[in-house]
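The values are calculated or read from the model by the stated rules, or taken from the named source; none is laboratory data. Bear in mind the structure is a predicted one, so any value in this text is a computation, not a measurement. Here the Cβ positions follow ideal geometry from the backbone for every residue, glycine too, while neighbour counts run over all protein chains shown.
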Amino acid sequence: MENYAIEMLNITKRFPGIIANDNITLQLKKGEIHALLGENGAGKSTLMSVLFGLYQPEEGIIKKDGKVVRINDPNDANRLGIGMVHQHFKLVECFSVLDNIILGVEPTSSMGVLQKAAAREKVLALSEKYGLSVDPDAIISDITVGMQQRTEILKMLYRDNEILIFDEPTAVLTPREIEELMLIMQGLAKEGKSILFISHKLNEIMMVSNRCTVLRKGKYIGTVNIRETTKEELSRMMVGRDVEFVVPKDPANPTDVVLNVENMTVSSKVHRNNAVNNVSFQVRKGEIVCIAGIDGNGQTELVYGLTGLEPLKSGKVEFLGKDITKTSIRKRSLMGMSHIPEDRHKHGLVLDYSLENNMVLQRYFEKDFTSPIGFLKKDNIRKYAERLIDQYDVRSGQGPITPARAMSGGNQQKAIVAREIDKDPKLLIAVQPTRGLDVGAIEFIHKQIVAHRDAGNAVLLVSLELEEVMSLSDRILVMYEGEIVGELDPKTTTVEEMGLYMAGAKRQ
């Protein structure tokens, strides 16, 4: 008789128009790291949300330590020692790190007075023990995504959870933070905690997991021991076909300058120094220029400055020979600039709009979609959305009328990528374009970006994925502490050399 910490037996969960989990069985052994792998929309997050009490299954049972349990809500899950780090963090933006960690389990005196000092001690002790350095007094909206993730993990550890669910935990982290997280996960498993780890990244699964369960289109495909399998075999189980891991592309033939940035400086909201400090570079037609760097070195603010989300402190931005330093976001869009944003919820989608309305967010006023007297041409909008959904394989329960909120993170990302590339922009600014996508979708998006370059357009890629940087870019600019410290050629440089520039140990 195996010693299972958690057993999810024959779980079925339905939503309008879709069976998200179709008779799935998952067994987690005590002290193991068990990976859950599948394409975007395969039902991984749904299955974990059932275990965490966010959804109730229509069929099936859950056992903990061999006993059947009912998990009606996350409080039940916490009482059973189950904690979850969500793909899209559940943090209160205007609260401090400490307040977020203790939210719901605040330590109080017998008189009901909040006792933060004891909580702070415990948080600092945990962050020391697991190498999760955070500033307990920092406000969530001011810290990097990597720091927010650490806050989520500490929130789980603070509650003494035994079963830890990590939903796409590395989608937003830098390579170094990913390594740290993997070590933390291994340390937690050694202490006897049982970990469920949802990921699309085969390298990470191969690196830390003991076993892996694969889902495809809501169905259970199989569970394998990691020591007895390969990346290729896992991707075949997940996608149902062979996948190309490297993008085939011809050498670039750059021509005219599309984007010219001179001495750009952007203020920081977090500290007194500038987030972007006196940066100059150019992007030309027919090339993919990549901004590489560890998260939090000014890439976000650089993109905000280029797209008009933040004003420049000094310097200027020229697009197609025109000064756009003070131009509105809509005007930049109409001139031919597209932006795949870093945060798909904050800047990419209106979550309560339907998928079709999100697809025409920047174009609804064009004559194809609006009549001369200002009425939306709903049939045209639907046809347009259906074409993009089909072309980019955006999966949703009810097609174009699905609320964006109801779609999986990866399919939300595909919808944004489809919308931005289909505008056929002269300049595509793509920030983490494949964040949270499975290998099949990544292969497709990479081909689209290369095709966009080959059609004579300019691409500025901002990525934390070193493999993506090396395989997609024609030129690499490395950012460190708000400055460009090196320009590298991916054909002649190595990941190790790029890492030295990213860490500030080397500059040109």
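Checking V258, V317 one by one, the residue that is touching a Phe, Trp or Tyr at 6+ places or on another chain (Cβ under 8 Å) and not in a loop (DSSP other than H, G, I, E, B) is V258 and no other.
May I ask you to say which residue of G456, G410, G440 is surrounded by fewer than 24 Cβ atoms within 10 Å (Cβ to Cβ) and part of a helix (DSSP H, G or I)? Working first, answer last.
Numbers: G456 fails: part of a helix (DSSP H, G or I); G410 fails: surrounded by fewer than 24 Cβ atoms within 10 Å (Cβ to Cβ).
Result of the check over G456, G410, G440: G440.
Here P57 meets each of (1) over 26 Å from G187 (Cβ atoms); (2) assigned to a strand (DSSP E or B) with one exception, condition (2).
Here R363 meets the list (1) in the same structural domain as L461 (by TED's automatic domain parsing); (2) modelled with pLDDT under 95 almost entirely, failing just condition (1).
Scanning the stretch 466-475 for residues that are surrounded by fewer than 21 Cβ atoms within 10 Å (Cβ to Cβ) and either of a type in the set (D, E, K, R) or farther than 22 Å from D295 by Cα (or both) yields E467, R475. Where residues in the stretch 479-498 are in a strand (DSSP E or B) and among the charged types (D, E, K, R), which of them is farthest from V279 (Cα to Cα)? Ranking the candidates gives E487 first.
Of the residues I6, I62, which is in a strand (DSSP E or B), surrounded by 23 or more Cβ atoms within 10 Å (Cβ to Cβ), of a type in the set (V, I, T) and at pLDDT 90 or above?
Working: I62 fails: surrounded by 23 or more Cβ atoms within 10 Å (Cβ to Cβ).
Exactly one of I6, I62 is in a strand (DSSP E or B), surrounded by 23 or more Cβ atoms within 10 Å (Cβ to Cβ), of a type in the set (V, I, T) and at pLDDT 90 or above, namely I6.
The numbered conditions (1) in contact with a Ser or Thr (Cβ under 9 Å, 6 or more places away or on another chain); (2) within 22 Å of G31 (Cα to Cα); (3) of a type in the set (D, E); (4) not in a helix (DSSP H, G or I) are all true for E204 except (4).
Here's the yes/no breakdown for (1) among the hydrophobic types (A, V, I, L, M, F, W, C); (2) surrounded by 19 or more Cβ atoms within 10 Å (Cβ to Cβ); (3) in a strand (DSSP E or B); (4) touching a residue at least 60 places away in the same chain (Cβ under 8 Å):
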position: I71; (1), (2), (3), (4): yes, yes, no, no
position: N78; (1), (2), (3), (4): no, yes, no, yes
position: M84; (1), (2), (3), (4): yes, yes, yes, yes
position: I101; (1), (2), (3), (4): yes, yes, no, no
position: G112; (1), (2), (3), (4): no, no, no, no
position: A117; (1), (2), (3), (4): yes, no, no, no
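Consider the stretch 363-387 and keep the residues that are among the β-branched types (V, I, T) and not in a loop (DSSP other than H, G, I, E, B). The one that is farthest from E420 (Cα to Cα) is T370.
Hey, does the stretch 253-261 have a residue that's touching a Leu at 6+ places or on another chain (Cβ under 8 Å) and over 26 Å from Q448 (Cα atoms)? Before the answer, list the steps.
Kept after step one, since they are touching a Leu at 6+ places or on another chain (Cβ under 8 Å), are these residues of the stretch 253-261: 258-259, 261.
In the following step, the residues that additionally are over 26 Å from Q448 (Cα atoms) were identified as none.
Within the stretch 253-261, not a single residue is touching a Leu at 6+ places or on another chain (Cβ under 8 Å) and over 26 Å from Q448 (Cα atoms).
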